[in-house]
Amino acid sequence: MPAKKTLNSTTEDNTSIAHSEIGIDESVEDESSIETDDIDNDDELTDSETEESSEEDIGKKINQLRLAKGYSQRKLAKLSGLTNTSISSIERNKVSPAVNTLKAILGVLGSDLTTFFSDEWKEPKARVIVTPKDLLELSEPNSRVSLKQVYNCSATRNLGFLIETYQPNSSTEERIAHEGEEIGTVIEGKIIIRINETTYLLNEGDSYVIDTNQPHTFINPTDSVSRIVSAHTPMTY
């Protein structure tokens with residue numbers, strides 16, 4: 001689900017909920033507020049480079065490299081010194097990154113400008129079958145909430161899908177808010193969803209449909225493992 005955030009806490013102490021690398025900032029940033037240093041500077045792409053970049057579809061390629069590394073947009077933003085909104089806008093081709101910005105992103109993703117724009121670039125072939133070993137774990141290694149993304153290397157997919165496992169008394173980030181919508185089903189255990197100041201208890205077999213622009217938190221209030229399967233848009237987050 002778009003960017004849920006995880007931590008080790010109990011529901012008795014919700015005030016201890018902390019930010020994780022999977023979610024996005026609590027306040028949804030307006031794209032017009034993106035730092036100009038992230039997008040425009042003296043090293044901005046020339047007209048010919050911009051035209052070539054458009055043809056190459058920079059955003060799609062960055063998205064593919066990021067997912068291949070198993071990074072969330074939040075993690076890539078942190079490692080490259082940018083904002084979540086900047087990475088999201090670049091991946092959706094809403095803005096063109098400056099050369100230095102693109103270099104920073106590619107450095108984190110293990111690539112460089114030469115390879116990125118060369119004939120060596122080959123778009124991964126989309127899978128039909130995604131096996132357990134192909135799932136991308138978006139949570140940090142020490143997290144008690146596992147968010148496994150079903151990624152088939154498709155660059156045109158608009159729908160994201162997560163297999164989520166919540167250890168006893170664990171939670172996502174408090175008051176996550178991000179673009180899109182989400183639908184999910186509890187396949188094991190119980191889950192509390194807090195949307196703004198309202199809470200909903202879901203038992204095994206219950207489903208939910210939420211507008212993810214509304215601040216929300218997912219909590220496992222029990223002493224047993226809980227599991228969810230969820231679909232979300234956009235796929236890029």
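Just so you know, all these numbers are worked out from the coordinates, no wet-lab data involved. Keep in mind the model is a prediction, meaning the values are calculated, not measured. Note that each Cβ is placed from the backbone with ideal geometry, even for glycine, and that neighbours are counted across all protein chains shown.
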Cβ-derived FRET efficiency at R0 41 Å, GLU137 paired with ASN203, nearest 0.05: 0.95
Rounded FRET efficiency, nearest 0.05, which uses the C-beta distance separating THR114 from ILE195 and R0 of 45 Å: 0.45
Relative packing of 212-223, 129-140, which averages over residues the other C-beta atoms within 10 Å, highest first: 212-223, 129-140
Label point at ILE187 placed 7 Å out along Cα→Cβ; residues across the range 122-162 whose backbone nitrogen lies under 15 Å: 130-136, 146-151, 161-162
Candidate lysines - alpha carbon under 28 Å from LYS148, same-chain residues fewer than 8 apart omitted: LYS4, LYS5, LYS60, LYS61, LYS69, LYS75, LYS78, LYS94, LYS122, LYS125, LYS133, LYS190
Cα gyration tensor shape of the range 103-198, rounded if a/c is under 1.5, else prolate or oblate by comparing a/b with b/c: prolate
Surrounding net charge for VAL209, when Lys and Arg each add one and Asp and Glu each subtract one, Cβ distance under 9 Å: -3
Under-5 Å amide H pairs with GLU204, H placed in peptide plane, nonlocal only: GLY189
Prolate/oblate/rounded call for the range 60-129, Cα gyration tensor, a/c under 1.5 rounded: oblate
Contour excess over end-to-end distance, with Cα ends at ARG157 and SER224 and 0.36 nm allotted per residue: 20.7 nm
